[in-house]
């Protein structure tokens, strides 16, 4: 399984932020971040699964943690980080090289960027596992050639 696909599975389906050890698993087996579940309960007065609409009849803090998720997150933290450019497809579908380093090409330590299939240079701060989906989206810059 591609690493970016795995990391997508570790996101809260509501807010798209990376799940952490405080994430809760509902009786229907769907997992969400604690903050989103508390927000849903606070705004609606009841908690239903955002995916399958199953009614949850206990408080958010009484829900169990997702043990498998906690173990996966621990494993991701312990593995060594990649260094240098990583070839592949960025979050927005742009083919090219994900550059790890300063985004300003004139900055010290900046790395050259390869052109994507349409010869449009890709300037991307995507680093698998480092930026949240929102941060990745905000950091993607495509400049016409």
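Values in this text are rule-based calculations from the coordinates and carry no lab data. What you see is a predicted model, and the numbers here were worked out from it, not measured in a lab. Glycine gets a Cβ as well: all are built from the backbone with ideal geometry, and neighbour counts include every protein chain shown.
What the table below lists for this structure:
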read-out: Test: residue 58 is free of Cβ contacts under 8 Å to residues at least 12 places away in the same chain and in a loop (DSSP other than H, G, I, E, B); value: yes
read-out: Every pair of residues 6+ apart whose Cβ atoms lie under 6 Å, when the first sits in the range 61-80 and is in contact (Cβ under 8 Å) with a residue 24 or more places away in the chain while the second is part of a helix (DSSP H, G or I) and exposed (fewer than 10 other Cβ atoms within 10 Å of the Cβ); value: none
